[in-house]
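Peer 1: Following this message is one structure expressed as structure tokens.
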Amino acid sequence: MTANDSLTEESELTPKQEQFIAALMAGNSIVVAAKVVGIGEKTAHRWLKQPLFQGVYKAAKQWAFDEALSELRDNVNLAIATLKRNMTNDEEVPSTQVRAIQVRAATVWLTQAVQIHKMEELEARLQELEEALKAKMV
């Protein structure tokens, strides 16, 4: 382990470690991400075991996931508009196949958005219950 590695375990990530996380977030495998950044595979695996690195990498993955969920929520109106358009006889009527694809996509979009909303409500209720339980134990 180099002096630089021990520093990163305690303080902050090096630029190479940040680049490695970016390469992983871009969808690359560990081997490919290591090559992109110019580090060895063993170094990559060692970094992946470091608590600070794991925390930053986990936070980056959570951020990417949250952004995707946000986009899903933000486009609910588009899904609703697509369903409305396909339910009415607008002047521009797409083919039956195109209409079916649009309706299916909009339905899946709305279903996922509703599931996310329900999950967020359940998480909030669970957090409230956990806090109430902690307050009673104190």
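The values are calculated or read from the model by the stated rules, or taken from the named source; none is laboratory data. Note that this is a predicted model, so its numbers are computed, not measured. Note that we place each Cβ from the backbone using ideal geometry, even for glycine, and neighbour counts take in every protein chain shown.
Peer 1: Determine, yes or no, whether A68 is surrounded by 11 or more Cβ atoms within 10 Å (Cβ to Cβ), part of a helix (DSSP H, G or I) and either out of contact with any strand residue (DSSP E or B) (no Cβ under 8 Å at 6 or more places or on another chain) or not assigned by TED's automatic domain parsing to the domain that holds Q19 (or both).
Peer 2: Criteria not met by A68.
Peer 1: Going by what's in this entry, would L52 be described as in the same structural domain as A34 (by TED's automatic domain parsing) and either surrounded by 11 or more Cβ atoms within 10 Å (Cβ to Cβ) or polar (S, T, N, Q) (or both)?
Peer 2: In short, yes.
Peer 1: Please count how many residues of segment 1-51 are outside any helix (DSSP H, G or I), small (G, A, S) and either at pLDDT below 95 or within 22 Å of the chain's Cα centre (by Cα) (or both).
Peer 2: Residues flagged as outside any helix (DSSP H, G or I), small (G, A, S) and either at pLDDT below 95 or within 22 Å of the chain's Cα centre (by Cα) (or both) within segment 1-51 amount to 4.
Peer 1: Which condition does I80 not pass, out of (1) in contact (Cβ under 8 Å) with a residue 24 or more places away in the chain; (2) assigned by TED's automatic domain parsing to the domain that holds G27, if it passes all the others?
Peer 2: Only one criterion is unmet by I80, namely (2).
Peer 1: For the list (1) loosely packed, with under 10 Cβ neighbours inside 10 Å; (2) modelled with pLDDT under 85, I need the number of the one condition that P94 fails.
Peer 2: If we test P94 against (1) loosely packed, with under 10 Cβ neighbours inside 10 Å; (2) modelled with pLDDT under 85, just (1) comes out false.
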